[in-house]
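Inspection log for the structure reproduced underneath, given as structure tokens.
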Amino acid sequence: MDYEALAEAMGDLDEDTMTDMLNEVMSEDKSHAPEAMEACQKGMDIIGQRFEEGEYFVGDLIYAGELMTKAVDILKDGLVSGGSGENAAVPMVLCTVKDDLHDIGKNIVRSMLEANGFNVIDLGIDVAPETVVEAVKKNNVKIVALSGVLTLAIDSMKKTVEALKAAGLDDVKVIIGGAPVSEEACKEVGADEWAHSPQKTVDVCKAWAGI
Ligand code: B12
């Protein structure tokens, strides 16, 4: 498989070529799904760049979102790692933080967590810190995963962690993820862990849950 060409097809918003290539990956060898996913993300970077340069518009971003959702759908079966269906589902909260409406990355992370034995309470997008606190209390959750793609999401993540601490929920572990997240951002936010890859998220959450 020519992953460069796949990234380019995504970057060009060429749905037919992208779909054909992804179906080919899945029919040949599902274990290559992560590489195909990575290529699609590279394609998303091309799209972001073209948007910044004024070549693409918001309508193109919306279409890109639909293409990425379709890509995840096709690749899904090849993205789950090992699974642990025999464990009772561990509850955890996941959401995209306040003022951020991006949810494609969050949805990928949710699929992988669910496939690995978590009962993911997905609060959706643009979620206020108080909503996270309420959900954690109501469901007696010990793990929270926060997603954000906008630079300003870091501030919302920080406010969410502060709200959890202010509510006395100090024993709740928080992992943050998404494009602007880094070691430095993790420290600033006061989170316990950070990740870009959904696989790392799964590993960290499993270790926290003891599964
Ligand atoms: C699709 C898209 C949209 C779609 C979103 C559709 C949807 N349902 O999500 C729409 C059209 C709605 C949109 C809107 C906007 N967007 Co937009 N969008 C994108 C685009 C092209 C792709 C994002 C994406 O889905 N990537 C693919 C996913 C799979 O990657 P990901 O989210 O990073 O997730 C991965 C990891 O980060 C990680 N991960 C994600 N979440 C989590 C969570 C945890 C806990 C963990 C551990 C890991 C993890 O796992 C994922 C899989 O590997 C990006 C460009 C880019 N290169 O990212 C711009 C981009 C993010 N958008 C941008 C902008 C500016 C906007 C708008 C302000 C545009 C406008 N003028 O209106 C609005 C903002 C709306 C808002 N308030 O949120 C900028 C952000 C700039 C910045 N740094 O702040 C970008 C970077 C484009 C650019 N280069 O300018 N956008």
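Worth a mention:
- Taking a Cβ cut-off of under 13 Å around Glu53, the surrounding Lys, Arg, Asp and Glu residues balance to a net charge of -3, with basic ones at +1 and acidic ones at -1.
- Highest-MSF residue in the chain out of Gly59, Gly48, Gly148 [GNM, Cα springs under 10 Å]: Gly59
- Euclidean distance between Cα centres, region 96-128 to region 177-191, Å: 17
- Here the accessible area of the chain is 50 percent carbon and sulfur, with a 1.4 angstrom probe and all protein chains present.
- Among Ala7, Ala209, Gln199 the positive-end extreme of the charge dipole of the chain (Cβ point charges): Ala209
- Whole-Hz couplings from phi, Karplus 6.51/-1.76/1.60, listed for region 160-175; x for Gly and Pro: 5, 5, 4, 5, 5, 5, 4, 8, x, 8, 5, 7, 7, 8, 10, 10
- When only the Cβ of Lys, Arg, Asp and Glu is charged (+1, +1, -1, -1), the dipole of the chain relative to its Cα centre reaches about 1360 debye.
- Global geometry of the chain, whether rounded, prolate or oblate, following the gyration tensor of its Cα atoms and the 1.5 cut on a/c: oblate
- Only Cα pairs under 8 Å and 6+ residues apart enter the sum, and on that basis the relative contact order of region 90-209 stands at 27 percent.
- Using the Karplus relation 6.51 cos²θ - 1.76 cosθ + 1.60 with θ = phi - 60°, the per-residue 3J(HN,Hα) values for region 188-199 come to 4, 6, x, 7, 7, 8, 9, 7, 9, 8, x, 5 Hz, with x marking Gly and Pro.
The values are calculated or read from the model by the stated rules, or taken from the named source; none is laboratory data. Predicted model only: the values in this text are computed from it and were never measured. Here the Cβ is made from the backbone with ideal geometry for all residues, glycine too, and neighbour counts use every protein chain on show. We work out accessible area using only protein heavy atoms, side chains counted, and drop any ligands, DNA or RNA first. Shrake-Rupley method; radii C 1.70, N 1.55, O 1.52, S 1.80 Å.
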